[in-house]
Amino acid sequence: MDQETDAELLGRLRAGDERAFAILVRRHHAVMLRLAAGYVPSMAVAEEVVQDTWLGVLRGIGGFEGRSSVRTWVFRILVNRARTAGTRERRSVAIGDWVPAVDQSRFDATGHWTAPPERWVEEAENRVNAAKLTNRLRSAVGELPVRQREVVLLRDVEGLSSEEVCGVLEISEGNQRVLLHRARSRLRQVLETEFGRA
Amino acid sequence: MLPRLRLPLRRNRDIVCQQAVELVTDYLEGALSRADLRRFEAHLAGCPHCTEYLAQMRATIALTGDLTADDLTPQMQDEFIALYRQWSAGQDGT
């Protein structure tokens, strides 16, 4: 029953189907809330931004021409509104300074590992561990700088293509990759620490 | 001490571990040039540590993808339905 595509649901919504709206909201709510939370000071404000976004979607539905995917369109409305509502973003629009993926102390002067990564992948894939790691990873995503968090939420949590992410955030492919690289590198470090092998 | 930040990639030279870990995302995104891809893969073939590192990045991505969405509370769902009805009523009125 929840299998319709976003585009199909949008079509039904245009025809006045309230249930289609409910399904769309439920499908995208969590990631929208997390995205909005990166810009505004509280979850309460983030919730307002999400509500305001859906109102914007309803108002703009007649003008949506389907040139981007529905979620690219919806998320872009959200990001624009969250940026307007928030003040945090203004301080952190920049990509930021370069941070190494792995601490430099773990390489020798020629760039070879002196403290190579120890194995933990099999352990991480173990079901029991995976459940524990999820919580740690969730808070680590929340602690990322806002630009990195946006990209990793959209790409790795939500599963958007890099093209869609660039469309939503209005950034270049190159910047998207830089942010993704930093975010993923940081999350790998967190997992490594979690296994006590940093 | 020389500040040794990004070791620049030099044409026709093998890459070292510290460079390889910075190329992982471009590699996974299919964004490496043909020459860099060849050098990256050549490095991996000879370096079990960087191979492990790549496996860890893949595992990290997979685990991040498992972060499930928090469900909407019934109360919030009702709020959205109310929002819709409000909008819908406004539409009819104009």
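The values are calculated or read from the model by the stated rules, or taken from the named source; none is laboratory data. These figures come from a predicted structure and were not determined experimentally. Positions of Cβ are generated from backbone atoms using ideal geometry, with glycine treated the same way; all protein chains shown enter the neighbour counts.
Out of all the residues in segment A:81-99, which are surrounded by fewer than 15 Cβ atoms within 10 Å (Cβ to Cβ) and modelled with pLDDT of 85 or more?
Answer for segment A:81-99, where residues must be surrounded by fewer than 15 Cβ atoms within 10 Å (Cβ to Cβ) and modelled with pLDDT of 85 or more: A:Thr84, A:Val99.
Given the condition closer than 30 Å to B:Cys50 by Cβ, of a type outside the set (A, V, I, L, M, F, W, C) and out of contact with any strand residue (DSSP E or B) (no Cβ under 9 Å at 6 or more places or on another chain), answer yes or no: does some residue in segment A:75-97 qualify?
So far as segment A:75-97 goes, yes, one or more of its residues are closer than 30 Å to B:Cys50 by Cβ, of a type outside the set (A, V, I, L, M, F, W, C) and out of contact with any strand residue (DSSP E or B) (no Cβ under 9 Å at 6 or more places or on another chain).
Can you find, within segment A:138-190, the residue that is farthest from the chain's Cα centre (by Cα) among those that are buried (at least 23 other Cβ atoms within 10 Å of the Cβ), of a type in the set (Val, Ile, Thr) and more than 8 Å from chain B (Cβ to nearest Cβ)?
A:Val168
Could we say that A:Val102 is among the β-branched types (Val, Ile, Thr), within 11 Å of another protein chain (Cβ to nearest Cβ), crowded, with 18+ Cβ neighbours inside 10 Å and not in a helix (DSSP H, G or I) here?
Criteria met by A:Val102.
Say whether the condition of being in contact with a Lys or Arg (Cβ under 7 Å, 6 or more places away or on another chain) and part of a strand (DSSP E or B) is met by at least one residue in segment A:9-24.
Taking every residue of segment A:9-24 in turn, none turns out to be in contact with a Lys or Arg (Cβ under 7 Å, 6 or more places away or on another chain) and part of a strand (DSSP E or B).
Under the condition of being assigned to a helix (DSSP H, G or I) and among the β-branched types (Val, Ile, Thr), which residue from segment A:55-87 is farthest from the chain's Cα centre (by Cα)?
Taking the candidates together, the pick is A:Ile61.
Is it true that some residue in segment A:45-55 is closer than 29 Å to A:Val190 by Cβ and among the hydroxyl-bearing types (Ser, Thr, Tyr)?
no
Note down all Cβ pairs under 7 Å where the first residue falls in segment A:25-44 and is not assigned by TED's automatic domain parsing to the domain that holds A:Val146, the second is in a loop (DSSP other than H, G, I, E, B) and surrounded by fewer than 18 Cβ atoms within 10 Å (Cβ to Cβ), and they're at least six residues apart or on different chains.
Between residues of segment A:25-44 that are not assigned by TED's automatic domain parsing to the domain that holds A:Val146 and residues that are in a loop (DSSP other than H, G, I, E, B) and surrounded by fewer than 18 Cβ atoms within 10 Å (Cβ to Cβ), the close pairs are A:Ala30/B:Ala69; A:Ala30/B:Asp70; A:Val31/B:Ala69.
Mind checking which residues of segment B:53-94 are at pLDDT below 70 and either under 30 Å from A:Asp103 (Cα atoms) or surrounded by fewer than 15 Cβ atoms within 10 Å (Cβ to Cβ) (or both)?
Result: B:Thr68, B:Asp70, B:Asp71, B:Thr73, B:Asp92, B:Gly93, B:Thr94.
Just to check your reading of the model, which residue among A:Glu150, A:Glu192 is touching a Gly at 6+ places or on another chain (Cβ under 7 Å) and in contact (Cβ under 8 Å) with a residue 12 or more places away in the chain?
The unique qualifying residue is A:Glu150.
Restricting the search to segment A:122-137, which residues are surrounded by fewer than 17 Cβ atoms within 10 Å (Cβ to Cβ) and of a type in the set (A, V, I, L, M, F, W, C)?
Passing the criteria: A:Val128, A:Ala130, A:Ala131.
Which residues, taken from segment B:29-69, are of a type outside the set (A, V, I, L, M, F, W, C), more than 7 Å from every other protein chain (Cβ to nearest Cβ) and under 19 Å from A:Glu118 (Cβ atoms)?
B:Pro48, B:Thr51, B:Arg58, listed by residue number.
With the structure loaded, tell me whether A:Thr84 is within 12 Å of chain B (Cβ to nearest Cβ) and more than 22 Å from A:Val157 (Cα to Cα) or whether it fails that test.
no
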